[in-house]
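Working notes, structure below.
The values are calculated or read from the model by the stated rules, or taken from the named source; none is laboratory data. The model shown is predicted, which means the values in this text are computed figures rather than measured ones. As a convention, Cβ positions derive from the backbone with ideal geometry for all residues, glycine included, and neighbour counts pool all protein chains shown. Accessible surface is based on the protein model in full, side chains and every heavy atom, while ligands, DNA and RNA are left aside. Shrake-Rupley method; radii C 1.70, N 1.55, O 1.52, S 1.80 Å.
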Amino acid sequence: MANWTGVITNAGNDVLSEWVNEKTLNFDSAAAGQGTVATAGMLAQTTLVNQKQIASIIGADRVSTGIRLKIRITAPQTAYTLNQYGVWASVTGGSSTMIALFQ
């Protein structure tokens with residue numbers, strides 16, 4: 001079983017800072033990739049390393065600690081090792097940014 005590390009990216013922190021200014025937070029997309037970065041470098045990532053496919057955000061549930069997203073990654077046509085996945089979000093009037101990275 002894999003051990004995953006997850007972070008809110010630096011760019012994601014900027015999005016969350018805007019969100020508290022009475023804007024709506026939208027979860028826009030998710031994607032999966034094969035590459036990795038050093039754990040210390042995860043915060044600075046704005047894209048996946050070697051992105052392989054788009055994933056689907058199929059739902060979101062409010063939980064006591066925040067929001068739990070349900071993400072579906074379908075079987076690809078060509079096999080690869082899933083090492084990263086990212087979630088992109090935006091606030092009202094803003095551009096979509098990788099808010100969270102997991103590897």
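Here are the numbers for the structure shown:
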{"item": "Overall Cα dimensions of the chain, principal axis frame, Å, largest first", "result": "42, 29, 27"}
{"item": "Highest-fluctuation residue, Leu82, Leu69, Leu16 considered, GNM on the chain with Cα pairs under 10 Å", "result": "Leu69"}
{"item": "Net charge contributed by nearby residues that have their C-beta within less than 13 Å of Ala31 (K/R +1, D/E -1)", "result": "+1"}
{"item": "Relative contact order, percent, the chain [alpha-carbon distance under 8 Å, six or more residues apart]", "result": "40 percent"}
{"item": "Value of D in µm² per second that Stokes-Einstein yields for region 31-83, Kirkwood Rh from Cα pairs, at 4 °C (1.567 mPa s)", "result": "100 µm²/s"}
{"item": "Mean residue ellipticity (222 nm) of the chain, computed from DSSP H runs ≥ 4 via -39,500 (n - 2.57), nearest 500", "result": "-3000 deg cm²/dmol"}
{"item": "Folded to 0 to 90 degrees: helix 10-19 orientation relative to the chain principal axis, Cα", "result": "30 degrees"}
{"item": "Heavy atoms of Lys23: accessible area, 1.4 Å probe, square angstrom to 10", "result": "80 Å²"}
